[in-house]
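The next block holds one structure in the form of structure tokens; read it before the comments.
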């Protein structure tokens, strides 16, 4: 009944996700972002906010038309063909010999890890809150039966790594559905709304991975013990005197991997770090970038306090956060995306800032989060390099195999901190995604080996997640982007510029239309000057085009920053952030490009321009602040007079 539906909506928390928030009562709504980005768009307050649905650029395609993943029923045919097992596709297309990995001749490993860092600012899809089947109580981690929300990856016969048999699978939980979508909507409301998935992060480039995308987490990450506007730091350990991230208070320590990785039964364990994004501990290179940006917030807050001693803690926090948000917008659009989508796509879709448009929906598209922005999984090296001050292999803390770097925050605590890893990202190349060397074993055979019951396969997970979300196939997205839609092996071979790869794909899928969009996207040869093919260049550029134009608080939008502040921000650089927040004394001016003596040599940090914060000096405007300001100035004068007196007295005594 309508009354029962209303009760369900209230008790499940769904009501809070659909009610319209009141923006006019939110303080400083035109000056600072809310943690959740509610009210970024004043007319449509939930656009781009955290915990809202991914948007759809093409309608979802489910087995039953409503909710069931593509390929749930192994006998269901698509375009007259059954879908192959994702693990079989992984084995036959993605597998590579790590010894044959080709290195990128242009771009560093920082490009790859910065891409992951940026992705964690924009997308996170929560799993189903239950780990057991709704219908029969089966544990999804223990059973290979497909029963909502269990959607296990079936192991094909003669799998080279995993045992095969009736109960042989990689456990997978379905993504949680948005309130009122999928089967529940059909059963209770009588209306069949297709299942949609949730993005728990904001759609904006706002460094939510530093600050959190929920009000509670954002508050918990702040240091509220003083009035400095700082982020919390670790109280137990430092990195050669520099700040480390705080430890989580969550019970159960999945980061207690030191004894298993090192085979030292008495090795001390530490908890996971906590940051604005829950994936901070996924690998130590990512954790190092998190640490560096946390330090930069605190550096900015301290500098702003010196310039504006009248500012309170909230103002210091928000102003530093605002500058940090502008950083990431500058870095992504000016320094990162051109290397990914290439100059042609940049000029066509991501050129000069067109201004804010409240009618543009910046929400993250399901296909972007689940497929297109996962392209960099094929650009990850099997080793995380750790380099010394001369950018040579670190003698004391050598490079780490990637599979031994997952959920190992203890390496930053006990093995030299973040500096060797940051140098390794800047001083060593990314892996080059080639059609015969796609995904390294650390991701395809040993993913989270020390924290999972069974090591995962990232390639299989990407395709399984796409089917879980009902993503249409390869050709549908090619058509969406105005590209050709191959219908046979000959045409696919032309698109891929590879007859053998086209043949192997069609042996599995039967038709190009059925190819999982992630698989088809990463199989394409690169666009000129980029590191993705035409399909992903289109999807990635379209998403960032909407993110920028649909952001009322974008740094270039008039009124967000002063012209002097915008001019200062245009000089911001990732290299300077490294210099200011680590013990690194030499770095390249462009950390995304391979060091080159002619155009991108390793130079002293004093040659990297600093951010000029003078544009943020604010003169006090009321009596109270004037009194505080004068008081602080008098205090400084008094201190200087005392110092002069003491120095004079010492000089007199010595004479």
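Just so it is clear, none of the values below were taken in a lab; they were calculated from the coordinates. Model, not experiment: these values are computed from the prediction. FYI the Cβ positions are ideal-geometry reconstructions off the backbone, even for glycines, and counts take in every protein chain you see.
Calculate the radius of gyration of the Cα atoms of the chain to one decimal place, then report Dmax, the largest Cα-Cα distance, as a whole number, both in Å.
Rg and Dmax of the chain, Cα atoms, are 26.2, 101 Å.
For a protection proxy built on the mean count of beta-carbon atoms within 10 angstrom, sort 337-348, 518-529 highest first, please.
518-529, 337-348
What translational diffusion coefficient, to the nearest whole µm²/s, does segment 186-305 have by Stokes-Einstein, given a Kirkwood radius computed over alpha-carbon pairs, a temperature of 4 °C and 1.567 mPa s viscosity?
On the way: Rh = 16.7 Å.
D, rounded to a whole number, is 77 µm²/s.
For segment 466-578, what does the relative contact order come out to in percent, with C-alpha contacts under 8 Å and a separation of six or more?
In percent, rounded to a whole number, it is 21.
How would you rank 98-107, 222-231, 431-440, highest first, on the average number of other Cβ atoms within 10 Å across their residues?
The most tightly packed comes first, giving 431-440, 222-231, 98-107.
Simple spin-label model, 7 Å along Cα-to-Cβ: residue 103 to residue 12 in nm?
5.3 nm
Contact order normalised by length for segment 234-366, with contacts defined as Cα pairs under 8 Å and 6 or more residues apart; what percent is it?
Relative contact order here is 13 percent.
With both partners inside the chain, how many of the DSSP beta bridges are antiparallel, as a percent to the nearest 5?
Given both bridge residues lie in the chain, the antiparallel proportion sits at roughly 95 percent.
Provide the three semi-axes, in whole Å and in decreasing order, of the ellipsoid equivalent to segment 57-106 as defined by the square roots of 5 times the Cα gyration tensor eigenvalues.
33, 16, 9
So what's the angle, to the nearest 10 degrees on a 0 to 90 scale, between helix 284-307 and the longest Cα principal axis of the chain?
The helix 284-307 is inclined about 30 degrees to the chain.
Would you compute, from DSSP H runs of 4+ residues alone, the mean residue ellipticity of the chain at 222 nm, taking -39500 (n - 2.57) per run and dividing by the full residue count, rounded to the nearest 500?
-10500 deg cm²/dmol
Sort the following peptides by mean Cβ neighbour count (other Cβ atoms within 10 Å, averaged over residues), highest first: 379-391, 243-255, 598-610. Show your work: numbers first, answer last.
On the way: 379-391: 20.5, 243-255: 16.1, 598-610: 12.6.
Listed from highest to lowest mean packing, they are 379-391, 243-255, 598-610.
Relative contact order of the chain, please, whole-number percent, based on alpha carbon pairs below 8 angstrom and at least 6 residues apart.
This gives 19 percent for the chain.
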